[in-house]
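The values are calculated or read from the model by the stated rules, or taken from the named source; none is laboratory data. Just so you know, these numbers come straight off a predicted model, no measurement behind them. FYI the Cβ positions are ideal-geometry reconstructions off the backbone, even for glycines, and counts take in every protein chain you see. Ligands, DNA and RNA are excluded from the accessible area calculation, which covers all protein heavy atoms including side chains. Shrake-Rupley method; radii C 1.70, N 1.55, O 1.52, S 1.80 Å.
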Amino acid sequence: DLQSLGDALGGTGKAKLVWESIRAGRDPWTDPGVTEKARGILGRDFKRYPEISASSDSGDSRTVKLLMMLEDGMEVEAVVIPNEGRPSAASKVPPRTTLCVSSQVGCNRGCIFCATGRMGFIRQLSAFEILAQVALALRVVEERGLPPLHNVVFMGMGEPLNNMANVREAVNVITDDNCFRFAKGCVTVSSVGPSPTIIKAAGDLPAMLAWSVHAAEDPERAALVPSTAHTMVELRDAFITALQTRSKSMSVFMVAVTLMEGLNDSPAHAAALVKLLQPFQEAEIKLVVNLIPYNSIGDESLSRTSKDKIGTFQRNIREAGFACFARITRGDDDAAACGQLATKSRKAVKA
């Protein structure tokens, strides 16, 4: 935080310059805007960010996938997603960029449609390694002239709530006015919901919460997310409890469903989802459903739902009184879209 950095650098003024440099997308170890003495202390006493070992662009969308090499040879991916702005009901949303960050190397949730889940769990990311993704993304935004970084979403590699301590520390720094200075409403922690206990513990995170549902009925959910150990009703009720402890503005909730042909995309599946979500309405919790077209991970048994079926599913959810949006896929031509993030870190472990 600002105080501890100030203590190490010899004053909070020097610490403020460091954070100004980071927020501007510069390197505080070399930035002349940071005092020479502070740069010397940073070089001597502070660990530098991990290196970006590779980056790739995704066609016309300008989405950038970053591969970050960690100290132990592990790799994680983060995705920088620019949006050029769009009209809304009230006004035009200005151009802005979203960063999708990872919280683990690999993941033990085992979602059958997710490349990270097929890696298995390797290790937790430290708070520093999570925050480094934000700092490096700010640098990429600055260097490439992308719209300002506005949102940070924990929707990359890993299950954030299985790394609660480090995710909590990272979110605190991301939303600290003296540090990264992101609004709490612009940071989202997305989870499959490992257990009711863990979900309730997330209630006081200074970030929005999102639930990756994928299927409302227990048998289908267990088939899509094999690590599911609780009923969907138990997980839902835990989220309601967590959200009811929050302010109204922080209790807005997002539910995500990755739609796959023949597995979870029928009108019956939509009706089951409505039934599962109705208690949120009764609790007066504002809820938004995001429908995500499946992005290929090379499994021929899985395929993307047709646009017509997505449209029907969306109408059924909206007719029940829920806001529902079909996500525009970004980065799928570069394996940077939702569900496609994976690295070769497993090989590094075996080496």
Going by what's in this entry, would Glu169 be described as modelled with pLDDT of 95 or more, of a type in the set (D, E, K, R), farther than 21 Å from Ser53 by Cα and open to solvent by 20 Å² or more (accessible area, probe 1.4 Å)? yes
Collect the residues in the range 195-208 that are hydrophobic (A, V, I, L, M, F, W, C), open to solvent by 10 Å² or more (accessible area, probe 1.4 Å) and touching a Leu at 6+ places or on another chain (Cβ under 9 Å), keeping them in residue-number order. Ile198, Ala201
Cβ-Cβ under 8 Å pairs, at least 6 apart or on other chains, the range 316-327 side more than 9 Å from Val274 (Cβ to Cβ), far side at pLDDT 95 or above and small (Gly, Ala, Ser): Ala326/Gly311
Residue by residue through the range 262-297, note down the ones that are in contact (Cβ under 8 Å) with a residue 60 or more places away in the chain, part of a loop (DSSP other than H, G, I, E, B) and out of contact with any Ser or Thr (no Cβ under 7 Å at 6 or more places or on another chain). Ile297
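Here's the yes/no breakdown for (1) under 24 Å from Met119 (Cα atoms); (2) in a helix (DSSP H, G or I):
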position	(1), (2)
Val140	no, yes
Gly158	yes, no
Ala165	yes, yes
Phe182	no, no
Ser190	yes, no
Pro206	no, no
Pro219	yes, yes
Does Val171 satisfy the criteria of being β-branched (Val, Ile, Thr), on the phi < 0 side of the Ramachandran plot and in a helix (DSSP H, G or I)? yes
For a quick check of your reading of the model, give me the residue pairs whose first member lies in the range 231-254 and is open to solvent by less than 10 Å² (accessible area, probe 1.4 Å), whose second is assigned to a loop (DSSP other than H, G, I, E, B) and of a type in the set (S, T, N, Q), with beta-carbon atoms closer than 7 Å and at least 6 apart or on different chains. Leu243/Ser251
Total residues in the range 111-152, condition more than 17 Å from the chain's Cα centre (by Cα) and among the small types (Gly, Ala, Ser): 2
Every residue from the range 298-310 that is in a helix (DSSP H, G or I), in contact (Cβ under 8 Å) with a residue 24 or more places away in the chain and either open to solvent by 70 Å² or more (accessible area, probe 1.4 Å) or more than 19 Å from Glu220 (Cα to Cα) (or both): Lys309
Expected output for the range 25-42 (first residue within 18 Å of Thr12 (Cβ to Cβ) and free of Cβ contacts under 8 Å to residues at least 60 places away in the same chain, partner of a type in the set (Phe, Trp, Tyr) and not in a loop (DSSP other than H, G, I, E, B), Cβ below 9 Å, 6+ apart or cross-chain) is Pro28/Trp19
If the Cβ limit is 7 Å and pairs must be 6+ apart or interchain, which residue in the range 210-229 that is over 30 Å from Gly185 (Cβ atoms) pairs with which residue that is open to solvent by 20 Å² or more (accessible area, probe 1.4 Å) and of a type in the set (Val, Ile, Thr)? Asp218/Thr231; Ala222/Thr228
Please work out if Val192 is in contact (Cβ under 8 Å) with a residue 40 or more places away in the chain, open to solvent by 10 Å² or more (accessible area, probe 1.4 Å), within 16 Å of the chain's Cα centre (by Cα) and within 28 Å of Ala135 (Cβ to Cβ). yes
Suppose the filter is within 17 Å of Ala115 (Cα to Cα) and surrounded by 19 or more Cβ atoms within 10 Å (Cβ to Cβ); does Thr258 pass it? yes
